[in-house]
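Below you'll find the structure, written out as structure tokens, and then a few comments.
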Amino acid sequence: MPIKTGAQLINEAKQRVRETSVTQVRDMQARGVQAVYLDVREQNEWNLGHLPQATFMPRGLLETTIEQRVPREATVVVYCAGGNRSALAAETLLEMGYTDVSHIPGGFRAWVDGGGDVAG
């Protein structure tokens, strides 16, 4: 197996995972679309603010926690601070059999910069 850097793994994940823009997420929330907005940041990041209606699940607990809390058929939009952890997390969810998964490119920073509401 070839050795890869973290940056290579992130870039490959971003190539394979569907993106949902901040504008699309804001529209989904405004229309009441049933989706899980999955925040995979750390507790201290979550405490500083998060998307309204978000579900907190740190990246390090994803594989051992997601199945008990989110059904595989759910629409899942993953985000982190800048879009790297969320791409890796979304790819993991696809590998676990979740089918309607995307991530927010630019993460929470893009959300705030795009005028998204902040809860917390």
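The values are calculated or read from the model by the stated rules, or taken from the named source; none is laboratory data. Since the structure is predicted, the reported quantities are computational estimates derived from the model, not experimental observations. When we count neighbours, we look across all protein chains shown, and the Cβ atoms used for this are built from the backbone with ideal geometry, even at glycine.
Taking the range 67-89 on its own, how many of its residues are over 16 Å from Gln43 (Cα atoms) and in contact with a helix residue (DSSP H, G or I) (Cβ under 7 Å, 6 or more places away or on another chain)?
The qualifying residues number 7.
If we scan the range 39-46, do we find a residue that is closer than 17 Å to Ala110 by Cβ, among the charged types (D, E, K, R) and not in a helix (DSSP H, G or I)?
yes
What number of residues in the range 39-55 are surrounded by 11 or more Cβ atoms within 10 Å (Cβ to Cβ), of a type in the set (S, T, N, Q) and modelled with pLDDT of 95 or more?
The qualifying residues number 2.
Hey, does the range 69-78 have a residue that's more than 13 Å from Lys14 (Cα to Cα), in contact with a Phe, Trp or Tyr (Cβ under 7 Å, 6 or more places away or on another chain) and of a type in the set (Ser, Thr, Tyr)? Steps first, answer last, please.
Initially, the range 69-78 is screened for residues more than 13 Å from Lys14 (Cα to Cα), giving 69-77.
Narrowing the set further to residues that are in contact with a Phe, Trp or Tyr (Cβ under 7 Å, 6 or more places away or on another chain) leaves 72, 76-77.
Pick out the ones that are also of a type in the set (Ser, Thr, Tyr) and you get none.
No, every residue in the range 69-78 fails to be more than 13 Å from Lys14 (Cα to Cα), in contact with a Phe, Trp or Tyr (Cβ under 7 Å, 6 or more places away or on another chain) and of a type in the set (Ser, Thr, Tyr).
Just to verify a result, which residue in the range 57-102, among those that are assigned to a helix (DSSP H, G or I), within 14 Å of the chain's Cα centre (by Cα) and among the hydroxyl-bearing types (Ser, Thr, Tyr), is nearest to Gln24 (Cα to Cα)?
Ser86
Only residues that are part of a helix (DSSP H, G or I) and either crowded, with 18+ Cβ neighbours inside 10 Å or in contact (Cβ under 8 Å) with a residue 24 or more places away in the chain (or both): list them for the range 13-38, please. Even if it seems obvious, please write down each step before you answer.
Step one: of the range 13-38, the residues part of a helix (DSSP H, G or I) are 13-16, 22-31.
Hits for the range 13-38 are Ala13, Lys14, Arg16, Val22, Thr23, Val25, Arg26, Met28, Gln29.
Given Val77, Val22, which one is among the β-branched types (Val, Ile, Thr) and touching a Ser or Thr at 6+ places or on another chain (Cβ under 8 Å)?
Sole residue among the options that is among the β-branched types (Val, Ile, Thr) and touching a Ser or Thr at 6+ places or on another chain (Cβ under 8 Å): Val77.
Out of contact with any strand residue (DSSP E or B) (no Cβ under 7 Å at 6 or more places or on another chain) and of a type outside the set (Asp, Glu): does that describe Thr55?
It is false that Thr55 is out of contact with any strand residue (DSSP E or B) (no Cβ under 7 Å at 6 or more places or on another chain) and of a type outside the set (Asp, Glu).
Among the residues of the range 64-100, write down those that are among the charged types (D, E, K, R) and either more than 26 Å from Thr5 (Cβ to Cβ) or without any contact (Cβ under 8 Å) to a residue 12 or more places away in the chain (or both).
Start the filter on the range 64-100 by keeping residues that are among the charged types (D, E, K, R), which leaves 67, 69, 72-73, 85, 91, 95, 100.
Once the filter is applied, which keeps residues that are among the charged types (D, E, K, R) and either more than 26 Å from Thr5 (Cβ to Cβ) or without any contact (Cβ under 8 Å) to a residue 12 or more places away in the chain (or both), the range 64-100 yields Glu67, Arg69, Arg72, Glu73, Glu95, Asp100.
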